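Values in this text are rule-based calculations from the coordinates and carry no lab data. Source: prediction; values computed, not measured. When we count neighbours, we look across all protein chains shown, and the Cβ atoms used for this are built from the backbone with ideal geometry, even at glycine.
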Amino acid sequence: MTKVAIIGTGPCGLSMLRAFEQAEKKGEKIPEVVCFEKQEDWGGLWNYSWRTGSDQYGDPVPNSMYRYLWSNGPKECLEFADYSFDEHFGKPIPSFPPREVLYNYIIGRVSKGNLKDKIKFNTKVTNVFYNSDKFEVSYQNKTNGEISKDNFDYVVVSTGHFSVPFIPQYKGMDSFPGRIMHSHDFRDAEEFRDKNVIVLGSSYSAEDVALQCNKYGAKSVTIGYRHNPMGFKWPKGMKEVYYLDRLEGKKAIFKDKTEQEADVIILCTGYLHHFPFLDENLSLRTGNRLYPPKLYKGVVWQDNHKLIYLGMQDQFHTFNMFDCQAWYARDVIMGKIQIPNDDEIEKDINKWVSMEEKLENPDQMIDFQTEYTKELHEMSNYPKIDFELIRKHFKEWEHHKVEDISTYRNKAFSSPVTGSVAPVHHTPWASAMDDSMKTFLNK
Ligand SMILES: Cc1cc2nc3c(=O)[nH]c(=O)nc-3n(C[C@H](O)[C@H](O)[C@H](O)COP(=O)(O)OP(=O)(O)OC[C@H]3O[C@@H](n4cnc5c(N)ncnc54)[C@H](O)[C@@H]3O)c2cc1C
Ligand SMILES: NC(=O)c1ccc[n+]([C@@H]2O[C@H](COP(=O)([O-])OP(=O)(O)OC[C@H]3O[C@@H](n4cnc5c(N)ncnc54)[C@H](OP(=O)(O)O)[C@@H]3O)[C@@H](O)[C@H]2O)c1
């Protein structure tokens with residue numbers, strides 16, 4: 001019997017498990033699946049942890065999420081085609097839920113069956129080699145240190161790529177008298193009340209960490225971008241300036257000559273794709289981009305078609321794109337989809353990569369990833385979902401952000417699965433300090 005190893009049970013690993021479960025429910029004979037998760041529970045980044053640094057076993061904490069994190073895109077854009085928000089919550093809910101609400105939704109879909117039986121928790125995959133037609137997978141039980149080995153026909157890498165921080169160095173850091181940290185370790189914006197905060201970066205973490213600090217009472221927030229400013233109309237107390245040059249004592253000096261007193265520097269400088277458990281010739285090397293090379297259909301490793309990567313792209317689309325990838329991967333593994341010859345694979349990858357390299361603005365990027373996801377969707381029996389509506393929502397959302405970065409989360413969108421329209425949330429995001437599920441859903 002074909003044997004499949006799935007590494008990681010974040011949203012991608014759970015999509016893979018769900019894809020096999022759905023085929024089995026239709027009476028298909030599915031492969032033997034063993035899933036490895038190094039944390040004690042499933043949900044990946046959405047399984048929040050207060051911990052930073054190492055866990056109780058000395059293993060680096062993968063979590064990068066923080067208290068008060070709300071969805072940064074409309075929930076309708078990530079909705080599962082086979083499990084709507086209406087079905088899970090029993091009523092339409094607002095479009096930008098906090099982390100705990102989204103976690104509840106992700107877990108709700110997989111909790112009904114017996115998928116947990118397939119998962120080895122607290123188990124870290126330490127090595128994967130390919131040897132005479134099989135993958136040899138070594139894994140460690142973190143609770144007792146025991147190392148075991150097993151052979152598999154396919155390996156699915158769903159270990160995420162927002163867990164290992166990229167940490168640059170700036171002049172003066174050594175002698176800065178305040179705190180320097182990466183957004184990976186950011187947990188609670190309250191910590192920075194009355195502080196002068198410097199945020200470095202110009203992507204989603206920089207935007208949201210800066211807004212959080214402002215919302216929870218930082219004295220000032222100064223964002224230092226490197227290439228392109230985000231350019232939003234920032235609320236009072238925030239500004240965006242060009243590139244940090246150096247720190248001198250408590251002073252942050254930027255290349256545009258801005259000088260700012262600083263108590264804390266938060267590096268929102270992104271993450272590394274990091275696969276220390278994979279043999280060199282199996283390991284994806286890429287930055288955070290919409291079409292990492294060497295992945296056929298964004299999923300199948302070009303040099304070994306039995307190695308599957310899920311969710312390695314930079315992400316506008318998330319959960320339903322992961323599902324489309326997982327359903328496609330399932331059908332490749334079960335022999336329902338044939339992989340073409342090497343020339344065709346090369347051509348297809350090059351086509352997507354060269355299109356990606358020409359993208360100039362967010363609308364084009366949204367179109368690109370929507371086209372990619374639609375193509376995958378058509379290749380499997382993943383249920384019907386309106387990706388044209390999702391495309392439209394994403395573009396509207398981008399424009400709402402440009403209109404006002406403090407109010408875009410107050411807007412409401414319609415579901416691409418059920419068509420129902422979300423209610424407007426009872427409290428505007430900027431004044432909603434309690435982000436518990438109870439308050440969000442019930443007030
Ligand atoms: C701060 C932050 C906020 C975000 N907010 C949003 C949002 O609002 N909306 C949205 O749609 N997306 C958001 N994302 C994007 C996020 O990447 C996806 O939502 C999703 O979590 C990706 O799922 P994944 O399964 O690929 O990875 P992860 O969620 O990272 O899961 C990977 C899993 O693999 C496990 N693992 C790793 N290595 C091993 C190993 N060697 N052995 C065993 N297990 C292993 C980890 O423990 C983890 O459980 C956010 C990301 C970050 C960093
Ligand atoms: N729900 C939420 O509110 C929320 C919050 C945070 C994050 N997220 C998610 O988390 C994921 C990761 O986002 P991310 O912003 O952490 O990573 P990212 O999108 O990969 O962006 C990394 C940023 O780091 C900058 N950078 C890199 N090196 C730098 C340096 N030496 N100095 C200054 N800037 C530097 C890059 O700028 P250049 O352009 O100059 O290279 C870029 O702006 C995304 O999927 C996002 O959606 C969601």
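Of note:
- Among the trypsin sites (Lys or Arg not before Pro) in segment 1-65, those placed in a DSSP loop whose Cβ has at most 11 other Cβ atoms within 10 Å are LYS26, LYS29.
- Between the residues VAL299, MET433, ASN63, the greatest Cα displacement towards the positive end of the dipole of the chain, with unit charges on the Cβ of Lys, Arg, Asp and Glu, is found for MET433.
- Centre separation in Å (Cα based) which lies between segment 1-35 and segment 203-227: 40
- Were the residues from MET433 through ASN72 laid out at 0.36 nm apart, the gain over their Cα-Cα distance would be 128.3 nm.
- Per-residue ellipticity at 222 nm computed for the chain from its helices equals -8500 deg cm²/dmol, with DSSP H segments shorter than 4 residues left out and the rest contributing -39,500 (n - 2.57).
- Comparing THR286, ASN214, VAL155 along the charge dipole axis of the chain, the residue lying farthest to the positive side is ASN214, per the Cβ-charge model.
- Rounded to the nearest 10 degrees, the inclination of helix 387-403 to the longest alpha-carbon principal axis of the chain is 10 degrees.
- Computing FRET efficiency as 1/(1 + (r/R0)^6) for GLU371 and THR2, where r is the C-beta to C-beta distance and R0 is 25 Å, gives about 0.20.
- Spin-label pair GLU357/HIS400, simplified geometry with 7 Å Cα→Cβ offset, distance in nm: 3.6
- Longest DSSP-loop-exposure-free segment, GluC sites (Glu not before Pro), the chain, at most 15 other Cβ within 10 Å: 147-359
- Rounded to the nearest 20 debye, the dipole magnitude of the chain is 940 debye, with +1 charges on Lys and Arg beta carbons, -1 on Asp and Glu beta carbons, and the Cα centre as origin.
- Helix axis angle, 362-378 relative to the chain longest principal axis, alpha carbon, degrees: 20
- Overall shape: rounded for segment 275-356, with the ratio a/c of the largest to smallest alpha carbon gyration tensor axis below 1.5.
- Euclidean distance between Cα centres, segment 294-325 to segment 52-95, Å: 20
- Members of LYS134/LYS374; LYS26/LYS392; LYS3/LYS29; LYS3/LYS26; LYS38/LYS149; LYS120/LYS374 lying beyond 22 Å, as alpha-carbon distances in this model show: LYS134/LYS374; LYS26/LYS392; LYS120/LYS374
- Partner lysines whose Cα lies under 24 Å from the Cα of LYS195, excluding those fewer than 8 positions away in the same chain, are identified as LYS171, LYS215, LYS219, LYS233, LYS236, LYS239, LYS250, LYS251, LYS255, LYS257.
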